[in-house]
Amino acid sequence: MTIYERTESIAKERGLSMPELEKKAGLGEKSIYSWKRSTPNSDKLARVADVLHVSTDYLLGRTAIKNVESNKVPKADILDDETILAFDGMEIEESEKEKLRDYARYIISLREKENK
């Protein structure tokens, strides 16, 4: 299986389209599709692996183990599409979920600026 095929497969497993994955990883449009013809640089591969919560070795086909154990404390990804499902027992419309994610991104950027 190629890097592209592994990436596409795990993205589908995670419920992400390739354009969504590229956006979350901060890559340009159709960047991952170019992996069909060439090997990505390590920075791009690492960003995609982080979004998919797999190791770069998994994407490279060096291991069948998707995740490498880490000493890091796991944290919830509040910007994950599946994190905000409902409020007070009522479904939230997708457009409203995106507004909440945008606000969360704004708050995170403020905290990051404070910590510098």
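The values are calculated or read from the model by the stated rules, or taken from the named source; none is laboratory data. Every value quoted in this text rests on a predicted model; they were computed, and no experiment measured them. When we count neighbours, we look across all protein chains shown, and the Cβ atoms used for this are built from the backbone with ideal geometry, even at glycine. We work out accessible area using only protein heavy atoms, side chains counted, and drop any ligands, DNA or RNA first. Shrake-Rupley method; radii C 1.70, N 1.55, O 1.52, S 1.80 Å.
Which one of these does residue 88 not meet: (1) modelled with pLDDT of 90 or more; (2) open to solvent by 90 Å² or more (accessible area, probe 1.4 Å); (3) under 24 Å from residue 101 (Cβ atoms)?
(1)
Of everything in the range 7-33 that's within 18 Å of residue 43 (Cβ to Cβ), among the charged types (D, E, K, R) and assigned to a helix (DSSP H, G or I), which residue is most open to solvent (accessible area, probe 1.4 Å)?
Filtering first and then ranking leaves 23.
Here's a check for you: in the range 60-75, which residue that is under 16 Å from the mean Cα position of the chain (by Cα) and loosely packed, with under 10 Cβ neighbours inside 10 Å is modelled with the highest pLDDT?
Ranking the candidates gives 75 first.
Read through the list (1) open to solvent by 50 Å² or more (accessible area, probe 1.4 Å); (2) part of a helix (DSSP H, G or I); (3) more than 21 Å from residue 67 (Cα to Cα), then give the number of the only condition that residue 38 fails.
(2)
Given (1) open to solvent by 60 Å² or more (accessible area, probe 1.4 Å); (2) assigned to a helix (DSSP H, G or I); (3) not basic (Lys, Arg), where does residue 1 come up short, assuming only one miss?
Single failed check for residue 1: (2).
Give the range 45-56 a look and list any residue that's open to solvent by less than 70 Å² (accessible area, probe 1.4 Å) and either farther than 21 Å from residue 67 by Cβ or assigned to a helix (DSSP H, G or I) (or both), or say none.
45, 46, 48, 49, 51, 52, 56
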